Amino acid sequence: MANKVRVRIAPSPTGNLHVGNARTALYNYLFARQQGGTFILRIDDTDAKRSTEKDIDGVLVSFRWLGLEWDEGFAAGGDYGPYRQSQRRDLYDGHVQQLLAQGQAYRCWCTPAELDDMRKAAQKQRRPFRYPQTCLHLSAAERAAKERSGDPFVVRFLSPSESTVDFTDLVRGDLSVEASELDDLVIVKADGMPTYNFASVVDDSHMDITHVIRGADHLYNTHRQIPIARALGFSLPAYAHLPLLTNPDRSKLGKRSGAVLVGDYASQGYLPEAVVNFLAFLGWNPGTTQEVFSLAELIEAFSLERVNRANAVFELQKLVWLNGVYIRGLPVAELADRCIPFLADAGLVDPADIDRDYLNGAVELEQERLKNLAEAPEALDFFYAEDVTPEARLLVAKKQTPADSLRALEQTLARLRGLDSWELATIEACLRGLAADLGWKAGQLFMPIRVAVTGKTATPPLFETMVALGRERSLSRMSKAIDAFTGAVAELA
Ligand code: GLU
(Lines give C-alpha, C1' and ligand atoms only; values in the text may rest on other atoms or scores of the structure.)
Protein backbone atom coordinates (compact mmCIF):
# COMPACT_ATOMS: atom_id res chain seq x y z
CA MET A 1 0.00 0.00 0.00
CA ALA A 2 1.25 3.47 -0.83
CA ASN A 3 2.16 5.71 2.10
CA LYS A 4 0.80 8.83 0.52
CA VAL A 5 -2.62 9.78 1.88
CA ARG A 6 -5.42 8.72 -0.44
CA VAL A 7 -9.00 9.43 0.55
CA ARG A 8 -12.25 9.14 -1.32
CA ILE A 9 -15.74 10.44 -1.42
CA ALA A 10 -18.07 7.81 -2.75
CA PRO A 11 -21.55 9.18 -3.35
CA SER A 12 -24.43 6.99 -4.40
CA PRO A 13 -25.80 9.49 -6.88
CA THR A 14 -29.40 10.53 -6.51
CA GLY A 15 -29.18 13.84 -8.37
CA ASN A 16 -28.84 15.92 -5.26
CA LEU A 17 -25.98 16.19 -2.86
CA HIS A 18 -27.20 16.01 0.72
CA VAL A 19 -25.58 18.33 3.22
CA GLY A 20 -24.24 15.36 5.21
CA ASN A 21 -22.40 14.01 2.18
CA ALA A 22 -21.14 17.48 1.34
CA ARG A 23 -19.70 17.75 4.87
CA THR A 24 -18.07 14.33 4.47
CA ALA A 25 -16.63 15.38 1.11
CA LEU A 26 -15.26 18.58 2.61
CA TYR A 27 -13.50 16.79 5.46
CA ASN A 28 -11.96 14.31 3.04
CA TYR A 29 -10.89 17.17 0.81
CA LEU A 30 -9.37 19.18 3.68
CA PHE A 31 -7.52 16.17 5.01
CA ALA A 32 -6.14 15.31 1.57
CA ARG A 33 -5.03 18.85 0.83
CA GLN A 34 -3.41 19.31 4.19
CA GLN A 35 -1.56 16.00 4.01
CA GLY A 36 -0.46 16.54 0.42
CA GLY A 37 -2.59 13.54 -0.43
CA THR A 38 -5.03 12.63 -3.16
CA PHE A 39 -8.77 13.28 -3.06
CA ILE A 40 -10.66 10.76 -5.15
CA LEU A 41 -14.23 10.70 -6.40
CA ARG A 42 -15.78 7.28 -6.84
CA ILE A 43 -19.34 6.73 -7.94
CA ASP A 44 -21.04 4.09 -5.80
CA ASP A 45 -23.67 3.01 -8.29
CA THR A 46 -24.15 -0.67 -7.56
CA ASP A 47 -27.81 0.24 -7.48
CA ALA A 48 -27.47 1.16 -11.15
CA LYS A 49 -31.20 1.61 -11.77
CA ARG A 50 -31.23 4.55 -9.40
CA SER A 51 -28.11 6.23 -10.76
CA THR A 52 -28.68 7.86 -14.12
CA GLU A 53 -26.14 10.12 -15.85
CA LYS A 54 -28.27 13.05 -14.82
CA ASP A 55 -28.12 11.99 -11.18
CA ILE A 56 -24.34 11.74 -11.35
CA ASP A 57 -24.11 15.14 -13.02
CA GLY A 58 -26.21 16.71 -10.29
CA VAL A 59 -23.75 15.52 -7.67
CA LEU A 60 -20.70 16.70 -9.64
CA VAL A 61 -22.23 20.13 -10.13
CA SER A 62 -22.60 20.48 -6.37
CA PHE A 63 -19.02 19.42 -5.62
CA ARG A 64 -17.73 21.88 -8.18
CA TRP A 65 -19.97 24.65 -6.88
CA LEU A 66 -18.50 24.13 -3.41
CA GLY A 67 -15.01 24.28 -4.93
CA LEU A 68 -14.13 20.73 -3.87
CA GLU A 69 -12.13 19.74 -6.93
CA TRP A 70 -11.05 16.12 -6.91
CA ASP A 71 -7.62 15.01 -8.11
CA GLU A 72 -8.53 11.61 -9.38
CA GLY A 73 -11.60 9.58 -10.13
CA PHE A 74 -14.80 9.85 -12.05
CA ALA A 75 -14.57 12.48 -14.81
CA ALA A 76 -10.96 13.19 -13.79
CA GLY A 77 -9.22 9.92 -14.63
CA GLY A 78 -6.34 8.22 -12.85
CA ASP A 79 -4.52 4.91 -12.58
CA TYR A 80 -7.12 3.10 -10.51
CA GLY A 81 -10.17 3.33 -12.76
CA PRO A 82 -12.82 2.79 -13.75
CA TYR A 83 -14.14 4.93 -10.91
CA ARG A 84 -17.69 3.80 -11.24
CA GLN A 85 -18.73 0.65 -9.40
CA SER A 86 -21.13 -0.48 -12.10
CA GLN A 87 -18.07 -0.83 -14.38
CA ARG A 88 -16.00 -2.90 -11.95
CA ARG A 89 -18.06 -6.08 -11.98
CA ASP A 90 -15.20 -8.37 -13.08
CA LEU A 91 -13.08 -7.29 -10.16
CA TYR A 92 -15.85 -7.97 -7.66
CA ASP A 93 -16.72 -11.30 -9.28
CA GLY A 94 -13.11 -12.45 -8.91
CA HIS A 95 -13.15 -11.71 -5.21
CA VAL A 96 -16.51 -13.42 -4.75
CA GLN A 97 -15.04 -16.54 -6.33
CA GLN A 98 -12.09 -16.26 -3.97
CA LEU A 99 -14.36 -16.16 -0.91
CA LEU A 100 -16.49 -19.05 -2.21
CA ALA A 101 -13.35 -21.11 -2.80
CA GLN A 102 -12.06 -20.28 0.68
CA GLY A 103 -15.38 -21.36 2.20
CA GLN A 104 -15.96 -17.86 3.50
CA ALA A 105 -19.00 -17.22 1.38
CA TYR A 106 -21.89 -19.38 0.22
CA ARG A 107 -24.80 -19.25 -2.17
CA CYS A 108 -28.23 -18.78 -0.71
CA TRP A 109 -31.46 -19.68 -2.53
CA CYS A 110 -33.87 -18.60 0.17
CA THR A 111 -36.60 -16.58 -1.52
CA PRO A 112 -37.73 -13.16 -0.31
CA ALA A 113 -41.00 -14.77 0.84
CA GLU A 114 -39.14 -17.41 2.86
CA LEU A 115 -36.93 -14.76 4.43
CA ASP A 116 -40.00 -12.76 5.27
CA ASP A 117 -41.53 -15.73 7.08
CA MET A 118 -38.31 -16.21 9.04
CA ARG A 119 -38.31 -12.53 9.96
CA LYS A 120 -41.91 -12.69 11.13
CA ALA A 121 -41.25 -15.79 13.19
CA ALA A 122 -38.34 -14.01 14.89
CA GLN A 123 -40.55 -11.03 15.56
CA LYS A 124 -43.20 -13.24 17.15
CA GLN A 125 -40.62 -14.72 19.47
CA ARG A 126 -39.24 -11.26 20.17
CA ARG A 127 -35.72 -12.15 19.12
CA PRO A 128 -33.61 -10.19 16.64
CA PHE A 129 -33.71 -11.67 13.17
CA ARG A 130 -30.51 -13.24 12.05
CA TYR A 131 -30.31 -15.33 8.90
CA PRO A 132 -30.27 -18.92 10.24
CA GLN A 133 -27.70 -20.11 7.69
CA THR A 134 -30.24 -22.44 6.09
CA CYS A 135 -28.34 -22.60 2.81
CA LEU A 136 -24.96 -23.00 4.49
CA HIS A 137 -26.22 -26.22 5.99
CA LEU A 138 -27.71 -27.80 2.87
CA SER A 139 -26.55 -31.33 2.22
CA ALA A 140 -24.35 -31.88 -0.80
CA ALA A 141 -27.28 -33.38 -2.68
CA GLU A 142 -29.61 -30.47 -1.79
CA ARG A 143 -27.02 -27.95 -2.90
CA ALA A 144 -26.40 -29.76 -6.16
CA ALA A 145 -30.15 -29.76 -6.83
CA LYS A 146 -30.39 -26.04 -6.11
CA GLU A 147 -27.47 -25.35 -8.40
CA ARG A 148 -29.05 -27.33 -11.22
CA SER A 149 -32.40 -25.60 -10.72
CA GLY A 150 -31.20 -22.31 -12.16
CA ASP A 151 -33.18 -20.53 -9.43
CA PRO A 152 -31.95 -17.08 -8.51
CA PHE A 153 -29.55 -16.95 -5.59
CA VAL A 154 -27.59 -14.42 -3.57
CA VAL A 155 -24.10 -14.86 -2.13
CA ARG A 156 -23.65 -14.45 1.61
CA PHE A 157 -20.48 -13.78 3.51
CA LEU A 158 -19.89 -16.26 6.33
CA SER A 159 -19.65 -14.21 9.49
CA PRO A 160 -16.36 -14.35 11.32
CA SER A 161 -15.88 -16.96 14.00
CA GLU A 162 -13.81 -14.73 16.29
CA SER A 163 -15.77 -13.31 19.22
CA THR A 164 -15.52 -9.58 18.48
CA VAL A 165 -14.71 -7.27 15.60
CA ASP A 166 -12.51 -4.45 16.84
CA PHE A 167 -10.93 -1.39 15.38
CA THR A 168 -9.62 1.95 16.52
CA ASP A 169 -11.44 4.89 15.02
CA LEU A 170 -9.49 8.12 14.60
CA VAL A 171 -12.42 10.08 16.02
CA ARG A 172 -14.13 7.65 18.36
CA GLY A 173 -11.27 5.56 19.68
CA ASP A 174 -11.54 1.81 20.28
CA LEU A 175 -14.72 0.24 19.03
CA SER A 176 -15.91 -3.30 19.26
CA VAL A 177 -18.97 -5.35 18.36
CA GLU A 178 -19.81 -8.94 19.16
CA ALA A 179 -19.32 -11.03 16.06
CA SER A 180 -22.53 -12.85 16.97
CA GLU A 181 -24.40 -9.65 16.16
CA LEU A 182 -23.30 -9.85 12.55
CA ASP A 183 -25.35 -12.23 10.48
CA ASP A 184 -24.31 -13.57 7.13
CA LEU A 185 -24.41 -10.50 4.99
CA VAL A 186 -25.53 -10.63 1.37
CA ILE A 187 -22.53 -9.60 -0.71
CA VAL A 188 -23.95 -10.34 -4.15
CA LYS A 189 -27.60 -9.67 -4.97
CA ALA A 190 -29.81 -11.91 -7.08
CA ASP A 191 -29.12 -9.72 -10.12
CA GLY A 192 -25.40 -10.45 -9.76
CA MET A 193 -24.47 -6.98 -8.52
CA PRO A 194 -22.37 -6.76 -5.40
CA THR A 195 -23.80 -4.93 -2.40
CA TYR A 196 -22.37 -1.67 -1.11
CA ASN A 197 -20.44 -3.25 1.77
CA PHE A 198 -18.66 -5.70 -0.47
CA ALA A 199 -17.90 -3.39 -3.39
CA SER A 200 -16.71 -0.71 -1.03
CA VAL A 201 -14.18 -2.99 0.65
CA VAL A 202 -12.84 -4.22 -2.66
CA ASP A 203 -12.54 -0.73 -4.10
CA ASP A 204 -11.02 0.86 -1.02
CA SER A 205 -8.30 -1.77 -1.13
CA HIS A 206 -7.73 -1.74 -4.88
CA MET A 207 -7.65 2.04 -4.92
CA ASP A 208 -5.07 2.09 -2.09
CA ILE A 209 -7.34 4.19 0.10
CA THR A 210 -5.40 5.00 3.28
CA HIS A 211 -8.19 6.68 5.28
CA VAL A 212 -11.91 6.02 5.12
CA ILE A 213 -13.57 9.19 6.42
CA ARG A 214 -17.36 8.93 6.47
CA GLY A 215 -20.46 9.55 8.54
CA ALA A 216 -21.08 7.71 11.80
CA ASP A 217 -24.16 6.23 10.15
CA HIS A 218 -21.65 3.87 8.53
CA LEU A 219 -20.15 2.61 11.80
CA TYR A 220 -22.05 -0.64 11.66
CA ASN A 221 -20.99 -1.08 8.04
CA THR A 222 -17.38 -0.74 9.10
CA HIS A 223 -17.80 -3.65 11.48
CA ARG A 224 -19.24 -5.55 8.54
CA GLN A 225 -16.52 -4.53 6.14
CA ILE A 226 -13.50 -5.33 8.30
CA PRO A 227 -14.10 -9.11 8.37
CA ILE A 228 -14.64 -9.07 4.60
CA ALA A 229 -11.38 -7.19 4.07
CA ARG A 230 -9.56 -9.65 6.32
CA ALA A 231 -11.03 -12.65 4.55
CA LEU A 232 -9.79 -11.22 1.26
CA GLY A 233 -6.32 -10.68 2.70
CA PHE A 234 -6.50 -6.89 2.39
CA SER A 235 -4.74 -4.59 4.80
CA LEU A 236 -7.16 -2.20 6.48
CA PRO A 237 -7.34 1.53 5.95
CA ALA A 238 -7.59 3.89 8.93
CA TYR A 239 -11.16 4.86 9.77
CA ALA A 240 -12.63 8.16 10.92
CA HIS A 241 -16.38 8.35 11.53
CA LEU A 242 -17.86 11.83 11.51
CA PRO A 243 -20.64 12.92 13.85
CA LEU A 244 -24.24 12.66 12.75
CA LEU A 245 -26.11 15.84 11.91
CA THR A 246 -29.21 16.76 13.89
CA ASN A 247 -31.70 19.59 14.14
CA PRO A 248 -31.41 21.95 17.11
CA ASP A 249 -34.07 19.81 18.88
CA ARG A 250 -31.78 16.79 18.38
CA SER A 251 -34.08 15.15 15.86
CA LYS A 252 -32.61 13.70 12.71
CA LEU A 253 -31.84 16.25 10.03
CA GLY A 254 -34.62 16.03 7.48
CA LYS A 255 -36.55 17.87 4.85
CA ARG A 256 -38.26 20.16 7.32
CA SER A 257 -34.91 21.43 8.56
CA GLY A 258 -34.67 23.98 5.76
CA ALA A 259 -32.14 23.48 3.00
CA VAL A 260 -30.51 20.09 3.24
CA LEU A 261 -29.55 19.75 -0.41
CA VAL A 262 -26.54 21.63 -1.72
CA GLY A 263 -28.46 22.59 -4.87
CA ASP A 264 -30.98 24.40 -2.68
CA TYR A 265 -28.27 26.50 -1.10
CA ALA A 266 -27.22 27.70 -4.51
CA SER A 267 -30.73 28.57 -5.60
CA GLN A 268 -31.51 30.24 -2.26
CA GLY A 269 -28.63 32.61 -2.85
CA TYR A 270 -26.02 31.31 -0.44
CA LEU A 271 -22.39 31.76 -1.42
CA PRO A 272 -20.37 28.56 -1.74
CA GLU A 273 -17.65 29.97 0.52
CA ALA A 274 -20.24 30.54 3.25
CA VAL A 275 -21.62 27.04 2.82
CA VAL A 276 -18.14 25.52 3.00
CA ASN A 277 -17.39 27.53 6.13
CA PHE A 278 -20.68 26.39 7.65
CA LEU A 279 -20.13 22.73 6.74
CA ALA A 280 -16.64 22.78 8.23
CA PHE A 281 -18.12 23.54 11.64
CA LEU A 282 -20.60 20.66 11.50
CA GLY A 283 -18.48 18.36 13.61
CA TRP A 284 -15.20 20.22 13.85
CA ASN A 285 -13.95 23.39 15.48
CA PRO A 286 -10.57 25.08 15.48
CA GLY A 287 -10.35 25.38 19.27
CA THR A 288 -10.24 29.17 18.95
CA THR A 289 -12.93 31.82 18.64
CA GLN A 290 -12.35 32.29 14.93
CA GLU A 291 -15.54 31.50 13.04
CA VAL A 292 -14.86 32.75 9.55
CA PHE A 293 -12.53 30.57 7.51
CA SER A 294 -11.71 30.54 3.84
CA LEU A 295 -11.12 27.17 2.23
CA ALA A 296 -7.37 27.83 2.34
CA GLU A 297 -7.55 28.65 6.05
CA LEU A 298 -9.58 25.51 6.67
CA ILE A 299 -6.95 23.39 4.94
CA GLU A 300 -4.42 24.88 7.28
CA ALA A 301 -6.47 24.55 10.48
CA PHE A 302 -8.34 21.28 9.98
CA SER A 303 -7.40 18.14 11.83
CA LEU A 304 -9.16 14.84 12.40
CA GLU A 305 -8.15 15.06 16.07
CA ARG A 306 -10.44 18.02 16.49
CA VAL A 307 -13.45 16.29 14.98
CA ASN A 308 -16.10 15.83 17.68
CA ARG A 309 -17.74 12.61 18.67
CA ALA A 310 -20.98 14.28 19.71
CA ASN A 311 -23.69 14.87 17.12
CA ALA A 312 -23.37 18.12 15.24
CA VAL A 313 -26.33 20.49 15.44
CA PHE A 314 -27.37 22.00 12.15
CA GLU A 315 -28.32 25.63 12.72
CA LEU A 316 -29.44 27.33 9.58
CA GLN A 317 -29.22 30.71 11.34
CA LYS A 318 -25.48 30.27 11.47
CA LEU A 319 -25.35 29.85 7.71
CA VAL A 320 -27.57 32.90 7.25
CA TRP A 321 -25.16 34.92 9.38
CA LEU A 322 -22.06 33.59 7.63
CA ASN A 323 -23.59 34.34 4.27
CA GLY A 324 -24.05 37.97 5.25
CA VAL A 325 -20.45 38.11 6.40
CA TYR A 326 -19.23 36.78 3.05
CA ILE A 327 -21.54 39.04 1.06
CA ARG A 328 -20.24 42.10 2.87
CA GLY A 329 -16.67 40.93 2.33
CA LEU A 330 -16.90 40.61 -1.45
CA PRO A 331 -15.60 43.34 -3.75
CA VAL A 332 -18.65 45.15 -5.13
CA ALA A 333 -18.01 44.13 -8.73
CA GLU A 334 -17.81 40.50 -7.74
CA LEU A 335 -20.96 40.67 -5.68
CA ALA A 336 -22.64 42.27 -8.68
CA ASP A 337 -21.43 39.39 -10.88
CA ARG A 338 -22.96 36.89 -8.53
CA CYS A 339 -26.25 38.79 -8.39
CA ILE A 340 -26.63 38.84 -12.18
CA PRO A 341 -28.13 35.34 -12.58
CA PHE A 342 -30.74 36.15 -9.94
CA LEU A 343 -31.54 39.52 -11.49
CA ALA A 344 -31.75 37.95 -14.94
CA ASP A 345 -34.10 35.23 -13.67
CA ALA A 346 -36.36 37.92 -12.30
CA GLY A 347 -36.31 39.67 -15.68
CA LEU A 348 -34.60 42.80 -14.31
CA VAL A 349 -31.47 42.64 -16.46
CA ASP A 350 -30.38 41.08 -19.71
CA PRO A 351 -26.99 39.49 -19.01
CA ALA A 352 -25.87 40.28 -22.56
CA ASP A 353 -26.44 43.97 -22.11
CA ILE A 354 -25.69 45.27 -18.66
CA ASP A 355 -24.56 48.73 -17.65
CA ARG A 356 -21.95 47.54 -15.17
CA ASP A 357 -21.30 50.89 -13.56
CA TYR A 358 -24.97 51.36 -12.87
CA LEU A 359 -25.32 47.81 -11.49
CA ASN A 360 -22.23 48.17 -9.31
CA GLY A 361 -23.54 51.44 -7.93
CA ALA A 362 -26.85 49.83 -7.04
CA VAL A 363 -25.26 46.71 -5.56
CA GLU A 364 -22.86 48.77 -3.47
CA LEU A 365 -25.81 50.43 -1.78
CA GLU A 366 -27.51 47.12 -0.96
CA GLN A 367 -24.39 45.19 0.03
CA GLU A 368 -24.85 45.89 3.74
CA ARG A 369 -28.41 44.69 3.79
CA LEU A 370 -28.33 41.64 1.51
CA LYS A 371 -28.45 38.38 3.40
CA ASN A 372 -28.42 36.24 0.30
CA LEU A 373 -28.25 36.67 -3.47
CA ALA A 374 -31.86 35.61 -3.91
CA GLU A 375 -32.87 38.85 -2.19
CA ALA A 376 -31.12 40.88 -4.87
CA PRO A 377 -34.10 41.20 -7.25
CA GLU A 378 -36.37 42.58 -4.56
CA ALA A 379 -33.66 44.83 -3.17
CA LEU A 380 -32.65 46.18 -6.58
CA ASP A 381 -35.93 46.18 -8.48
CA PHE A 382 -36.48 49.92 -8.08
CA PHE A 383 -33.17 50.57 -9.82
CA TYR A 384 -34.48 48.76 -12.89
CA ALA A 385 -38.19 49.49 -12.89
CA GLU A 386 -39.44 51.57 -15.81
CA ASP A 387 -41.89 53.37 -13.48
CA VAL A 388 -42.08 53.23 -9.72
CA THR A 389 -45.69 54.53 -9.40
CA PRO A 390 -45.66 55.42 -5.70
CA GLU A 391 -48.93 55.54 -3.79
CA ALA A 392 -50.06 59.16 -3.44
CA ARG A 393 -50.69 58.92 0.30
CA LEU A 394 -47.03 57.96 0.83
CA LEU A 395 -46.03 61.27 -0.78
CA VAL A 396 -47.69 63.23 2.02
CA ALA A 397 -45.00 64.49 4.40
CA LYS A 398 -45.35 63.76 8.08
CA LYS A 399 -47.51 66.38 9.86
CA GLN A 400 -48.03 68.33 6.61
CA THR A 401 -51.06 68.69 4.37
CA PRO A 402 -51.18 66.99 0.96
CA ALA A 403 -51.16 70.41 -0.73
CA ASP A 404 -48.05 71.58 1.16
CA SER A 405 -46.37 68.26 0.49
CA LEU A 406 -47.05 68.64 -3.22
CA ARG A 407 -45.64 72.16 -3.23
CA ALA A 408 -42.53 70.96 -1.40
CA LEU A 409 -41.99 68.24 -4.01
CA GLU A 410 -42.40 70.76 -6.81
CA GLN A 411 -39.81 73.01 -5.19
CA THR A 412 -37.51 70.03 -4.71
CA LEU A 413 -37.74 69.19 -8.38
CA ALA A 414 -37.08 72.76 -9.43
CA ARG A 415 -34.01 73.07 -7.20
CA LEU A 416 -32.61 69.69 -8.22
CA ARG A 417 -33.03 70.62 -11.88
CA GLY A 418 -30.91 73.68 -11.26
CA LEU A 419 -27.94 71.74 -9.84
CA ASP A 420 -24.68 71.96 -11.81
CA SER A 421 -23.54 68.55 -10.78
CA TRP A 422 -25.21 65.37 -9.59
CA GLU A 423 -23.06 64.47 -6.64
CA LEU A 424 -23.71 63.41 -3.11
CA ALA A 425 -22.58 66.63 -1.44
CA THR A 426 -24.46 68.87 -3.89
CA ILE A 427 -27.70 66.94 -3.60
CA GLU A 428 -27.44 66.84 0.17
CA ALA A 429 -26.77 70.58 0.45
CA CYS A 430 -29.66 71.31 -1.89
CA LEU A 431 -32.20 69.20 -0.01
CA ARG A 432 -31.11 70.25 3.47
CA GLY A 433 -31.23 73.86 2.33
CA LEU A 434 -34.77 73.44 1.06
CA ALA A 435 -35.93 71.76 4.29
CA ALA A 436 -34.50 74.69 6.24
CA ASP A 437 -36.18 77.21 3.93
CA LEU A 438 -39.49 75.42 4.37
CA GLY A 439 -39.01 75.28 8.11
CA TRP A 440 -39.40 71.46 7.92
CA LYS A 441 -37.38 68.80 9.61
CA ALA A 442 -35.07 67.09 7.11
CA GLY A 443 -36.88 63.77 7.55
CA GLN A 444 -40.25 65.34 6.72
CA LEU A 445 -38.93 66.36 3.34
CA PHE A 446 -36.74 63.35 2.62
CA MET A 447 -39.41 60.66 2.98
CA PRO A 448 -41.68 61.92 0.18
CA ILE A 449 -38.61 62.38 -2.04
CA ARG A 450 -37.47 58.85 -1.28
CA VAL A 451 -40.92 57.52 -2.15
CA ALA A 452 -41.05 59.60 -5.33
CA VAL A 453 -37.73 58.33 -6.71
CA THR A 454 -37.85 54.72 -5.49
CA GLY A 455 -41.51 53.92 -4.89
CA LYS A 456 -40.52 52.57 -1.47
CA THR A 457 -40.35 53.83 2.07
CA ALA A 458 -37.33 51.71 3.00
CA THR A 459 -34.26 52.10 0.82
CA PRO A 460 -30.54 52.68 1.22
CA PRO A 461 -29.58 56.28 2.21
CA LEU A 462 -31.41 58.81 0.05
CA PHE A 463 -28.58 60.88 -1.43
CA GLU A 464 -26.49 57.83 -2.30
CA THR A 465 -29.54 56.26 -3.87
CA MET A 466 -30.20 59.34 -6.01
CA VAL A 467 -26.58 59.40 -7.13
CA ALA A 468 -26.76 55.72 -8.07
CA LEU A 469 -30.05 56.21 -9.93
CA GLY A 470 -28.55 59.13 -11.82
CA ARG A 471 -29.91 62.58 -12.53
CA GLU A 472 -32.17 61.77 -15.43
CA ARG A 473 -33.91 58.81 -13.82
CA SER A 474 -34.30 60.57 -10.47
CA LEU A 475 -35.76 63.73 -11.98
CA SER A 476 -38.10 61.99 -14.37
CA ARG A 477 -39.47 59.77 -11.58
CA MET A 478 -39.96 62.80 -9.44
CA SER A 479 -41.79 64.65 -12.14
CA LYS A 480 -44.10 61.66 -12.79
CA ALA A 481 -44.78 61.33 -9.08
CA ILE A 482 -45.72 65.01 -8.92
CA ASP A 483 -48.10 64.63 -11.87
CA ALA A 484 -49.86 61.70 -10.25
CA PHE A 485 -49.90 63.43 -6.87
CA THR A 486 -51.43 66.57 -8.38
CA GLY A 487 -54.41 64.54 -9.53
CA ALA A 488 -54.81 62.89 -6.13
CA VAL A 489 -54.32 65.81 -3.77
CA ALA A 490 -57.99 66.79 -3.70
CA GLU A 491 -59.04 63.27 -2.65
CA LEU A 492 -56.39 63.08 0.04
CA ALA A 493 -57.23 66.45 1.56
N1 GLU B 1 -22.05 5.30 -1.11
C2 GLU B 1 -21.92 5.45 0.31
C3 GLU B 1 -22.74 6.65 0.74
O4 GLU B 1 -23.08 7.48 -0.08
C5 GLU B 1 -20.47 5.63 0.64
C6 GLU B 1 -20.15 5.45 2.05
C7 GLU B 1 -18.67 5.27 2.24
O8 GLU B 1 -18.00 6.30 2.33
O9 GLU B 1 -18.21 4.16 2.26
O10 GLU B 1 -23.09 6.78 1.89
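The values are calculated or read from the model by the stated rules, or taken from the named source; none is laboratory data. Small disclaimer: the values here were computed from a predicted structure and weren't measured. Cβ placement follows ideal geometry from the backbone for every residue including glycine, while neighbour counts extend to all protein chains displayed. Protein only, heavy atoms only, side chains kept; ligands, DNA and RNA dropped before computing areas. Shrake-Rupley method; radii C 1.70, N 1.55, O 1.52, S 1.80 Å.
Can you go through LYS399, LYS371 and tell me which one is on the phi > 0 side of the Ramachandran plot, part of a loop (DSSP other than H, G, I, E, B) and not hydroxyl-bearing (Ser, Thr, Tyr)? I'd like the intermediate steps shown before the answer.
Details: LYS371 fails: on the phi > 0 side of the Ramachandran plot.
When all the criteria are applied, what remains is LYS399.
Of these, ASP169, ASP151, ASP71, which one is under 21 Å from ASN221 (Cα atoms) and touching a residue at least 12 places away in the same chain (Cβ under 8 Å)?
Details: ASP151 fails: under 21 Å from ASN221 (Cα atoms); ASP71 fails: under 21 Å from ASN221 (Cα atoms).
The match here is ASP169.
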Practice problem: Mind telling me which of the residues GLN317, GLN290 ends up being assigned to a loop (DSSP other than H, G, I, E, B) and of a type in the set (S, T, N, Q)? | Solution: GLN290
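Only residues that are in a helix (DSSP H, G or I), open to solvent by 10 Å² or more (accessible area, probe 1.4 Å) and among the aliphatic types (A, V, I, L, M): list them for the range 320-332, please. So that I can check it myself, show each step before the final result.
Just the residues of the range 320-332 that are in a helix (DSSP H, G or I), to begin with: 320-329, 332.
Checking which are open to solvent by 10 Å² or more (accessible area, probe 1.4 Å) leaves us with 320-321, 325-326, 328-329, 332.
Within the range 320-332, VAL320, VAL325, VAL332 meet the criteria.
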Practice problem: Keeping to the range 1-38, report how many residues are within 13 Å of the ligand (Cβ to nearest atom) and either under 19 Å from ALA296 (Cβ atoms) or open to solvent by 50 Å² or more (accessible area, probe 1.4 Å) (or both). | Solution: 11
Quiz item: Within the range 39-58, restricting attention to residues that are part of a loop (DSSP other than H, G, I, E, B) and open to solvent by less than 30 Å² (accessible area, probe 1.4 Å), which residue is nearest to the ligand (Cβ to nearest atom)?
Solution: ASP44
Quiz item: Which residue pairs have Cβ atoms closer than 6 Å, lie 6 or more positions apart in sequence or on different chains, and pair a first residue in the range 1-27 that is at negative phi with a second residue that is within 12 Å of the ligand (Cβ to nearest atom) and among the small types (Gly, Ala, Ser)?
Solution: ILE9/ALA25; PRO13/SER51; GLY20/GLY215; THR24/GLY215
Self-check item: Residues (of a type in the set (Gly, Ala, Ser) and open to solvent by less than 80 Å² (accessible area, probe 1.4 Å)) located in the range 349-368
Solution: GLY361, ALA362
Quiz item: If you check ARG84 against the conditions, is it within 20 Å of the chain's Cα centre (by Cα) and either charged (D, E, K, R) or open to solvent by less than 30 Å² (accessible area, probe 1.4 Å) (or both)?
Solution: no
Quiz item: Which ones in the range 217-247 are surrounded by 19 or more Cβ atoms within 10 Å (Cβ to Cβ) and within 12 Å of the ligand (Cβ to nearest atom)?
Solution: HIS218, THR222, ARG224, GLN225, PRO237, TYR239, ALA240, HIS241, LEU242
Quiz item: So which residues in the range 9-20 are farther than 21 Å from PHE278 by Cα and modelled with pLDDT of 85 or more, if there are any at all?
Solution: ALA10, SER12, PRO13
